[in-house]
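Everything below concerns the one structure shown next.
The values are calculated or read from the model by the stated rules, or taken from the named source; none is laboratory data. Treat the numbers as computed from the prediction; the structure is a model and nothing was measured. Because the Cβ atoms are built from the backbone with ideal geometry, glycine has one as well, and the counts that use them run over all protein chains shown.
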Amino acid sequence: MRASLILTLLLSASLSAESRLGATDGVAAIRLHRSGVDVRWENKVGRALSELAILSVAREHDQPYEWSLHEMEAIAVGLDPAAIDVVRNRKPLVGIGDKETTIIQLARDIGGHRVRAETYSRALTTFSEAILVDIVSLMGQYAATATRLSAVNQQLPPGWKQFLPLPFTPPADIRADSRSRLTLIRTAASAAAMPPPLYSRGMAPEGTGPQQIARHAGGLQSLQASVGRPLIDVAALVTARAHDQQYDWTMTEIAAQKDGVSAATIDVIRSGKPTTGLGEKEATVIEFGRELFGKHYVSADVYARALRQFGERDLVDLVGVMAQHADEAAVLTAFDQQLPAGQKALLP
């Protein structure tokens, strides 16, 4: 872990049942250093720089829905348009403020799976330890949101402009009402509600976005009862491998071995080998995760295959496991979390 970040929680070489499926011990230790504010709405860097952090993450994930809504909000709360342009077009970090430069470079380094010492030192000097943890926590949250949105191919409603240039054409397998791959679920309250005002806490258009995705989830206990812990471990391992996250991989592999995930399956994920010879469900989870994090979208045929095997609820929950570990990867990578003393690294 970065030398300047003093741990207030002892790390353990083993994971509890909860931490296998959610936050790891290392992430919990780091998050104890937050300032205590709501990092989305009350971040001490202010709304404009908070939106810049979110946009920077959306750019790293090529996430058009997240980018487009937050670009509109960023402009409304006064973010420098020049900073937005630098992020959107991946331009050199010149002509913008020091704080803006620091946030963008931090997001780029996290996206590259390694935060350089100079980037970390600059961020720590610019923001202080607690505020830096707040910023990275916000980035992690929106890495998780980007994961969920991309998995279900969430598109903007008709007539809403998409502002992010993409290196791919999003698949066309979306439903007209939800504008995603998911069936539309309306609650009694949402059916009667007026459209939310733009730049508010209810920013996503009704029927779309993270809240709509969440309506399909059953939760971790439901997922464990339905698909079993080994497949949950596989989803977590695929995510850790895609992010080259040594701490998360090693601690999750230890749990996976105890849960009965085969050495062959672990080796396929670790080494990036073809999934030939694995069970159908294991192979599908691995290929789904590889596309999601490697291409930033999931092809229509891979999504359809996963849907047939798991159904909407379990598939949304499996994506939720991947999203949680994408969140953790951002935090662990930013603060260079090392393994407990004596624990061998299991990821090359």
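When segment 296-348 is filtered for residues that are basic (Lys, Arg) and either without any contact (Cβ under 8 Å) to a residue 24 or more places away in the chain or exposed (fewer than 15 other Cβ atoms within 10 Å of the Cβ) (or both), the ones remaining, listed by number, are Arg305, Arg308, Lys344.
In segment 150-178, which residues are of a type in the set (Gly, Ala, Ser) and assigned to a loop (DSSP other than H, G, I, E, B)? Answer for segment 150-178, where residues must be of a type in the set (Gly, Ala, Ser) and assigned to a loop (DSSP other than H, G, I, E, B): Gly159, Ala172, Ala176, Ser178.
From the list Thr252, Thr275, Thr284, Thr208, the lone residue that is surrounded by 14 or more Cβ atoms within 10 Å (Cβ to Cβ), β-branched (Val, Ile, Thr) and under 26 Å from Gly26 (Cα atoms) is Thr252. State yes or no: is Gln324 of a type in the set (S, T, N, Q), at pLDDT 95 or above, under 19 Å from His113 (Cβ atoms) and not in a helix (DSSP H, G or I)? Criteria not met by Gln324.
Yes or no: segment 73-90 includes at least one residue that is among the aliphatic types (A, V, I, L, M), in contact (Cβ under 8 Å) with a residue 60 or more places away in the chain and in contact with a His (Cβ under 9 Å, 6 or more places away or on another chain). No, segment 73-90 has no match at all.
Among the residues making up segment 255-286, those that are under 30 Å from Arg108 (Cα atoms) and assigned to a helix (DSSP H, G or I) are Ile266, Asp267, Val268, Ile269, Arg270, Ser271, Thr284, Val285, Ile286.
Screening Lys161 against (1) more than 17 Å from Tyr297 (Cβ to Cβ); (2) modelled with pLDDT of 95 or more; (3) basic (Lys, Arg) leaves a single unmet condition, (2). Number of residues in segment 179-215 that are part of a loop (DSSP other than H, G, I, E, B) and either at pLDDT 95 or above or not hydroxyl-bearing (Ser, Thr, Tyr) (or both) equals 22. Do we have any residue at all in segment 142-154 that's over 21 Å from Ala304 (Cα atoms), surrounded by fewer than 22 Cβ atoms within 10 Å (Cβ to Cβ) and not aliphatic (A, V, I, L, M)? Scanning segment 142-154, I find no residue that is over 21 Å from Ala304 (Cα atoms), surrounded by fewer than 22 Cβ atoms within 10 Å (Cβ to Cβ) and not aliphatic (A, V, I, L, M), so the answer is no.
Among the residues of segment 283-309, which ones are charged (D, E, K, R) and under 21 Å from the mean Cα position of the chain (by Cα)? Steps first, answer last, please.
At the first step, the residues of segment 283-309 found to be charged (D, E, K, R) are 287, 290-291, 295, 301, 305, 308.
Scanning segment 283-309 gives Glu287, Arg290, Glu291, Lys295.
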